[in-house]
Amino acid sequence: MFNDELSEIFSEMADIEEIEGKRWESLAYRKVSGNIAALGEDIREIYRRNELRKIEGVGDAIAKKISQYINEGRITAYDEMKKKYPINFRDLRKIQGLGPKKIAVLFTELGVTNISQLSDAINSHKIADLPGFGSKSEEKLKKSLETFQQVGSNRILLAKGLREIDYIREKLLASGLFEKVEAAGSSRRMRETVGDIDLLAITGNVESATDYFLSLDRIEGAVSRGESKVTVNLKIGITCDLRFIEPDSFGAALQYFTGSKDHNVKLRDLAISKGMKLNEYGLFAADQKIAGAFENQIYEKLGLMYIPPELREDRGEIDAALSGKIPRLIEYNEVKGDLHMHTFDSDGSASLEEMAGAAKASGLEYIAVTNHSKSLMIANGLNEERFNTFNKEVERISEKLDFSILKGVELEILKDGSLDLPSTSLKRMDFVLGAMHQFVSQDREENTNRLLNAIRSGLVSSIAHPTGRLIGSRPPYQLDMDRIMEACASEGVFLEINGSPERSDLPSDLARRAAGFGVKFTLGSDAHNMNDLSNIRIATAVARRGWLTKDDVVNAMNLQDIRKALRT
């Protein structure tokens, strides 16, 4: 959390320096922002060891700023910048089409500093006449703002919520005051965004347990405190409910506070149809509690297969459970490799050896490193010659670490559907991940044919983040997904489930639909630093929410089998 705060400050300083035309200062701050965000430990610990200068990009001047923030909670230079530009860069940056310079024009010409004022300016049609904008820009901003507002500024991405839950849960259990602590709600269902956090706990001392919970540094302040529930505001911008549950009702409460509203209504109706009553305290028959301590017993007593939390959305899971047709979903520990990541040779921030070493340490058996190809210049894409050199390094590091690294590429699918590297280069790759990043049309047919050309080329292994969406900032591309799914199934091309939290793409509903066409899937973290490798958990969650099994996921195979699958 502290690292995130400091990273955001340097990101805003980079934005302001860019507005001021100070390119090198902007690049320096942006680099430091990214490196702080990617740190594997609290920067305050690094400061205590007097090792700030070991962070790449941190010189004397930036080290002094970091030290001031750690000791005083402020950076003088940042405060001076914010006096001149009192802008909410964090939110405005999320609106597709707004970079620092356009944000500056909005501020200078219209006084726009936040999302609300941007909305007013758009609705008043004040933007079209601004320098560098126009009527088309105004319309695009309106659509992007609508996308942002659909998610809601009071929701956070799942990965951020999970980090908070893991931290709080670990602290509570380590205190010795809690017998059990479990997350419920949308985070346990692994929804893409989280509006609040629900924790259920068993304790023998509610008062002491509450006091300890309220003392945690993640908490901004208490909203309410009672004998069975305490609600707090978290510093990440959402609330957290901690409920104290009796042991004989814990399973019932976990079920009740996990399922979506519609799932729970159907489950309660099923109980009523069987002459039972179901609530957060237990399952009752003739006023006698017949289940409550364990969640699986609730489903068992209702004549259902156990329904994994990720499926509890009222999308046919109760009928499937009644007929014994809940699939055995892929487990988080069954993913053996990560098939999408980047190094600093492209747009990542870590070396090949660092990424491979971290992946091996996490328990993976293999990875594919998929740096961008040459046409994506903004991401420092590699041409044929650079890939030849890089792939020699792949062989060297793989041997050095005794760890399997597949030679891969995130290959640009060009505007006409042709591929960004020649076939001779692509045939030397183990894994080719086709992607559209640039010049995407508003024409559904044009986009669809572009992807179909790549799928039918015989050179592409999988399609990266197929819909192109960015949660809260960019809607999905206009695509005929059924035609794409049919082509992938017939050509043996996989669809990626990208675990980057703002992508979570292919979305779970489309993953389930694609599986019905016979499509197989690759999971990738899309890691740009070592911390991002944990995004494979998000990709697996999306797969589970899409009802996918181990057999549906290519990188649940061992290395020998995946090499065979990629050659066919």
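The values are calculated or read from the model by the stated rules, or taken from the named source; none is laboratory data. This structure is a prediction, so every number in the text was calculated from the model and none was measured. Note: ideal-geometry Cβ built from the backbone for every residue, glycine included; neighbour counts use all protein chains shown.
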Subset of segment 251-309 that is in contact with a helix residue (DSSP H, G or I) (Cβ under 7 Å, 6 or more places away or on another chain) and among the acidic types (Asp, Glu) - its residue that is farthest from Leu329 (Cα to Cα): Glu280
Test result for Leu533, closer than 25 Å to Leu311 by Cα, in contact with a strand residue (DSSP E or B) (Cβ under 7 Å, 6 or more places away or on another chain) and crowded, with 24+ Cβ neighbours inside 10 Å: no
Residue in segment 255-277 that is part of a strand (DSSP E or B), within 18 Å of Leu200 (Cβ to Cβ) and out of contact with any Gly (no Cβ under 7 Å at 6 or more places or on another chain) present: no
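Quick grid of which residues meet (1) modelled with pLDDT of 85 or more; (2) over 30 Å from Glu51 (Cα atoms); (3) among the β-branched types (Val, Ile, Thr):
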position: Ala77; (1), (2), (3): yes, no, no
position: Asn88; (1), (2), (3): yes, yes, no
position: Arg93; (1), (2), (3): no, yes, no
position: Leu98; (1), (2), (3): no, yes, no
position: Ile122; (1), (2), (3): yes, yes, yes
position: Arg155; (1), (2), (3): no, yes, no
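Condition check ((1) surrounded by fewer than 17 Cβ atoms within 10 Å (Cβ to Cβ); (2) under 27 Å from Ala565 (Cα atoms)) across all residues:
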| position | (1), (2) |
| --- | --- |
| Tyr366 | no, yes |
| Val369 | no, yes |
| Lys374 | no, yes |
| Asn380 | yes, no |
| Glu395 | yes, yes |
| Ser404 | no, yes |
| Gly408 | no, yes |
| Pro422 | yes, yes |
Identity of the residue in segment 24-37, in contact with a helix residue (DSSP H, G or I) (Cβ under 6 Å, 6 or more places away or on another chain) and under 16 Å from Asp532 (Cα atoms), that ends up surrounded by the fewest Cβ atoms within 10 Å (Cβ to Cβ): Ala37
Failed condition for Lys83, given (1) basic (Lys, Arg); (2) surrounded by 14 or more Cβ atoms within 10 Å (Cβ to Cβ); (3) more than 27 Å from Asn531 (Cα to Cα): (2)
Condition met for Phe521 (touching a Phe, Trp or Tyr at 6+ places or on another chain (Cβ under 8 Å), aromatic (Phe, Trp, Tyr) and over 19 Å from Arg328 (Cα atoms)): no
Qualifying positions in segment 59-76 - over 31 Å from the mean Cα position of the chain (by Cα) and either within 15 Å of Glu8 (Cβ to Cβ) or among the charged types (D, E, K, R) (or both): Asp60, Lys64, Glu72
Condition check for Asn333: surrounded by fewer than 17 Cβ atoms within 10 Å (Cβ to Cβ) and touching a residue at least 40 places away in the same chain (Cβ under 8 Å): no
Which listed residue, of Leu177, Leu216, is in a loop (DSSP other than H, G, I, E, B), outside the structural domain of Glu8 (by TED's automatic domain parsing), over 30 Å from Asn535 (Cβ atoms) and among the aliphatic types (A, V, I, L, M): Leu177
Answer residue from segment 516-530, given it is of a type in the set (Gly, Ala, Ser) and within 21 Å of the chain's Cα centre (by Cα) and is surrounded by the most Cβ atoms within 10 Å (Cβ to Cβ) among those: Gly524
Per-region count, segment 1-20, residues within 10 Å of Val32 (Cβ to Cβ) and of a type in the set (S, T, N, Q): 2
Subset of segment 170-197 [under 20 Å from the mean Cα position of the chain (by Cα) and either under 17 Å from Glu220 (Cα atoms) or surrounded by fewer than 17 Cβ atoms within 10 Å (Cβ to Cβ) (or both)]: Gly195, Asp196, Ile197
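For (1) assigned by TED's automatic domain parsing to the domain that holds Val194; (2) in contact with a Cys (Cβ under 9 Å, 6 or more places away or on another chain), each residue gets a yes or a no:
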| position | (1), (2) |
| --- | --- |
| Glu220 | yes, no |
| Ser228 | yes, no |
| Leu234 | yes, yes |
| Ala271 | no, no |
| Met276 | no, no |
| Glu295 | no, no |
| Pro308 | no, no |
Enumeration of residues in segment 38-50 that are within 30 Å of the chain's Cα centre (by Cα) and either crowded, with 19+ Cβ neighbours inside 10 Å or without any contact (Cβ under 8 Å) to a residue 12 or more places away in the chain (or both): Ala38, Glu41, Ile43, Glu45, Ile46
Some residue of segment 519-533 being in contact (Cβ under 8 Å) with a residue 60 or more places away in the chain, touching a Ser or Thr at 6+ places or on another chain (Cβ under 9 Å), among the charged types (D, E, K, R) and closer than 19 Å to Gly408 by Cα: yes
Test: residue in segment 522-529 that is farther than 25 Å from Arg189 by Cβ and assigned by TED's automatic domain parsing to the domain that holds Val409: yes
Among residues of segment 337-365, those that are touching a residue at least 60 places away in the same chain (Cβ under 8 Å) and either among the charged types (D, E, K, R) or not assigned by TED's automatic domain parsing to the domain that holds Ser534 (or both), counted: 4
Candidates Ile202, Ile245 - the one that is within 21 Å of Ala291 (Cα to Cα), over 26 Å from the mean Cα position of the chain (by Cα) and surrounded by fewer than 19 Cβ atoms within 10 Å (Cβ to Cβ): Ile202
Which listed residue is buried (at least 18 other Cβ atoms within 10 Å of the Cβ) and either among the charged types (D, E, K, R) or not in a helix (DSSP H, G or I) (or both), from Ile298, Ile318, Ile290, Ile307: Ile307
Pairs where the first residue, in segment 412-433, is outside the structural domain of Arg386 (by TED's automatic domain parsing) and the second is surrounded by 22 or more Cβ atoms within 10 Å (Cβ to Cβ) and in a loop (DSSP other than H, G, I, E, B), C-beta under 8 Å, 6+ apart: none
